[in-house]
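Report on the structure given below.
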There are 2 protein chains.
Amino acid sequence: MARDTKKRRAELRERLIDIAEAQIREEGSASLRVRALAEKAGCAVGAIYNVFSEMPGLQLAVNGRTFARLGQRVTTAVSSRAEAPPVERLIVMAEAYLKFAADDPNLWRALFEVEMTADSEVPDWYLKDLSQLFAIIAGPLSELDPSAGPDEIDLRTRALFSSVHGIVFLGLERRISGVPMHRMEAMIEYLLRSFAKGSE
Amino acid sequence: MARDTKKRRAELRERLIDIAEAQIREEGSASLRVRALAEKAGCAVGAIYNVFSEMPGLQLAVNGRTFARLGQRVTTAVSSRAEAPPVERLIVMAEAYLKFAADDPNLWRALFEVEMTADSEVPDWYLKDLSQLFAIIAGPLSELDPSAGPDEIDLRTRALFSSVHGIVFLGLERRISGVPMHRMEAMIEYLLRSFAKGSE
DNA sequence: TTATTCAATGAACATCGTTCAAACCAAAAG
DNA sequence: CTTTTGGTTTGAACGATGTTCATTGAATAA
C-alpha cells in the first residue's frame, strides 16, 4: 500500500507541475489558483497540500524545470560554436538567454517572483544551478584575460550576467518601454564588445 | 462645501501616501493592507476608495515620490562633480543609484512591482520621469563619443542603465546571493570603465 | 426650521490560501 | 467473510484579503 501511495503521489506531483507550468506560461505566476489546479488535476484541494505543503513550493518546482531548460539552451547554443573567439561565445550565450526569456516571458519572469516567506529557504539546487550557469560564463571570460585571478573573474562574471539580465528584464517590461528584439540584441552586443575591450 | 471637501480629500490623500510609504519602506509593498491603512489614517476603508479607486493607484503614488527622490539624488550627485570626465560622472551617477536602492530597498523594489491590471495604463509622469533620467545619462555618453548619432546614444543609454540596474537588482536579491556593497561598487566601476573603453 | 445633497461609513460580498474533522479505502486480523 | 486498523482523500469551514453599496450623517440652501 505504501508503495502505491508513493507512486500516486509522484504522479499527482508531476501532473500538478505540468498544469502549473502551463498556467504560468499562459497567464503568469500570479494567476495560479489552488482550486483551479485541483479541478484540472481531478483531485481535491486538500490533496495538493499532501504534495506541496505550501503553494510557493509548487512555483519553485516549476522554476526548477524552467531553470534546467534555460541552462540547456545556453549550453547547447555555445557548444555549437565552441571554436569561436571568447567574445562571440559570450554573445551567443547572452542571446540564447534573451531568446529564452522572450519565448516564454511568463515562465522566465516567474524565476524572479518567488514569494519569500521567512521559513522557506532557497533550495540547494537553486544555488547550484546558478553557479553552474556562472561557470559557463566564466570560461570565455578567463580566456579573454588569463591574467585575472579567480576573484576578479567571479566579479566580472556576476557583473556581466547581471548586466545582460538587466537589459533583458527592462527590455521585456512592456509597461516601461517595450524595446524591439533587434534593439535588445544590439544592446547586448554593444555591452559585450565593450566588456571584451575593457578586459583585454 | 465643495471647497472643504476638496481640501479634506487632498489632506487624506497625502496622509495615505505618507502611511503607505512608511509601510512599504519597512515591510515591503506586498504588506499593504486597506484595513491597516484605514485604521492608521483614522478613516473608514470606503473613504480610501474615494481617493484611490484601486489600491495599485496608491502604490503608484508612492512610486511617484520615490522616483522623484531618486532623480534628485542622481542629479545632485553628478552636479557636484560637473567638471569630472564623462566616465567619472557615469560612475558617480551609477553609485548614487546603487546607494539609493541600498538605503531603501523596499521602496526601490516597489518601483518594479506595480500590479498591472489590464485597464490601468502607465501614467504619463512615469514615462516622462524615466526619459528625464535617461537624458541625464545620455549627456556624458555623447561627450564620450561625439560621433555617435542620437539613435546610437539612445541605445547605449538604455543598455547602460539596464546593466547598472541589473547589477543592483541581482546584488540586492538576498535570496540569490547577497553581494557585499563594495563588490557591487567594483562591478559597476568595471562595467562603466569597460563601456567607456568601448565607446571611444 | 426644514429640505437637499453628497461624502463618509462599515457591514456584507466574493475570492483567496490553508486547515482539519469526517468519510473512505485497502490491507491485516479475527 | 466480517471486523478492525492505519492512512489518505475529501471538501466544508476558517480567516484574510480587496472591493462595493445601502445607510448614516453633516453641511448647505431654501
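The values are calculated or read from the model by the stated rules, or taken from the named source; none is laboratory data. Values in this document were obtained by computation on a predicted structure and should not be read as measured data. Ideal geometry is used to build each Cβ from the backbone, glycine not excepted, and the neighbour counts take in all protein chains shown.
What pairs come out if I take residues in segment A:25-44 that are away from DNA strand D (no atom under 13 Å from the Cβ) and pair them with residues that are outside any helix (DSSP H, G or I) and modelled with pLDDT under 95 whose C-beta lies under 7 Å away, six or more apart or interchain?
Once the first residue is away from DNA strand D (no atom under 13 Å from the Cβ) and sits in segment A:25-44, its partners that are outside any helix (DSSP H, G or I) and modelled with pLDDT under 95 give A:Ser29/A:Glu113.
Report whether or not B:Glu26 is more than 16 Å from DNA strand C (Cβ to nearest atom) and of a type outside the set (A, V, I, L, M).
Yes: the conditions hold for B:Glu26.
Given the criteria assigned to a helix (DSSP H, G or I), facing another protein chain (nearest Cβ under 8 Å) and among the aromatic types (Phe, Trp, Tyr), does B:Phe161 qualify?
yes
Just to be sure before I move on: is A:Val45 within 16 Å of DNA strand C (Cβ to nearest atom) and within 30 Å of B:Gly28 (Cα to Cα) in the structure I sent?
Criteria met by A:Val45.
Checking the conditions here, which among B:Leu155, B:Leu111 is free of Cβ contacts under 8 Å to residues at least 60 places away in the same chain, surrounded by 16 or more Cβ atoms within 10 Å (Cβ to Cβ) and more than 17 Å from A:Tyr190 (Cα to Cα)?
From the options B:Leu155, B:Leu111, the qualifying one is B:Leu111.
As an exercise: evaluate B:Ser147 against (1) more than 10 Å from chain A (Cβ to nearest Cβ); (2) in contact (Cβ under 8 Å) with a residue 12 or more places away in the chain; (3) not basic (Lys, Arg) and give the number of the one condition it does not meet.
Looking at each condition in turn, B:Ser147 falls short on (2).
Out of everything in segment B:175-184 that is of a type outside the set (Gly, Ala, Ser) and more than 8 Å from chain A (Cβ to nearest Cβ), what residue ends up being surrounded by the fewest Cβ atoms within 10 Å (Cβ to Cβ)?
Among those residues, the one meeting the criterion is B:His182.
Applying the selection to segment B:50-86, what residues are in a loop (DSSP other than H, G, I, E, B) and either under 15 Å from the mean Cα position of the chain (by Cα) or within 16 Å of DNA strand D (Cβ to nearest atom) (or both)?
The answer is B:Phe52, B:Ser53, B:Glu54.
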